[in-house]
Amino acid sequence: MTTSRPLPTTETEKSQLKNVLENGERYRISVDAVVTVLDADAVRATALRHLDEVTFSSAGERDSMEHQVRDDLSAALQFILNAEGLLGDRADVFMRSASARVERDGS
């Protein structure tokens, strides 16, 4: 079940939210996951579909990303990975930033 925090409507609610965002405790969450790709073609196809949902600054940039996704499974995984979705859509947590890196595991 996804939840969303309603936007503050009163000045008091806005002030309280601003205060929490500026002064509330922050936590760094580290996640290390190793995955085995069961269907490389499906991963690439998903990444290629996602390309159509992203706005690129130029056609060349999009072409470059498409080339990477087709040629490098790590790039395809990176493109479909949603680090911001780590905690889901929760009303009680504000995701300040998220990033992820995909690299081939040496094993």
- Query: Are any of the residues in the stretch 23-33 in a helix (DSSP H, G or I) and farther than 30 Å from V69 by Cβ?
  - Reply: yes
- Message: Consider the stretch 68-107. How many of its residues are farther than 22 Å from V34 by Cβ and touching a residue at least 60 places away in the same chain (Cβ under 8 Å)?
- Response: 6
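Every residue, every condition in (1) loosely packed, with under 13 Cβ neighbours inside 10 Å; (2) of a type in the set (G, A, S); (3) modelled with pLDDT under 90; (4) in contact with an Asp or Glu (Cβ under 8 Å, 6 or more places away or on another chain), yes or no:
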{"position": "S30", "(1), (2), (3), (4)": "yes, yes, yes, no"}
{"position": "V43", "(1), (2), (3), (4)": "no, no, no, no"}
{"position": "S58", "(1), (2), (3), (4)": "yes, yes, no, no"}
{"position": "R70", "(1), (2), (3), (4)": "no, no, no, no"}
{"position": "S74", "(1), (2), (3), (4)": "no, yes, no, yes"}
{"position": "I80", "(1), (2), (3), (4)": "no, no, yes, no"}
{"position": "D89", "(1), (2), (3), (4)": "no, no, yes, no"}
{"position": "S97", "(1), (2), (3), (4)": "yes, yes, yes, no"}
{"position": "A100", "(1), (2), (3), (4)": "no, yes, yes, no"}
- Item | Filter result for L7 (surrounded by 10 or more Cβ atoms within 10 Å (Cβ to Cβ) and either modelled with pLDDT under 90 or of a type outside the set (D, E) (or both)) | no
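The values are calculated or read from the model by the stated rules, or taken from the named source; none is laboratory data. Owing to the predicted nature of the structure, the values given are computational and were not obtained by experimental measurement. Glycine also receives a Cβ, built like all others from the backbone with ideal geometry; neighbour counts cover every protein chain displayed.
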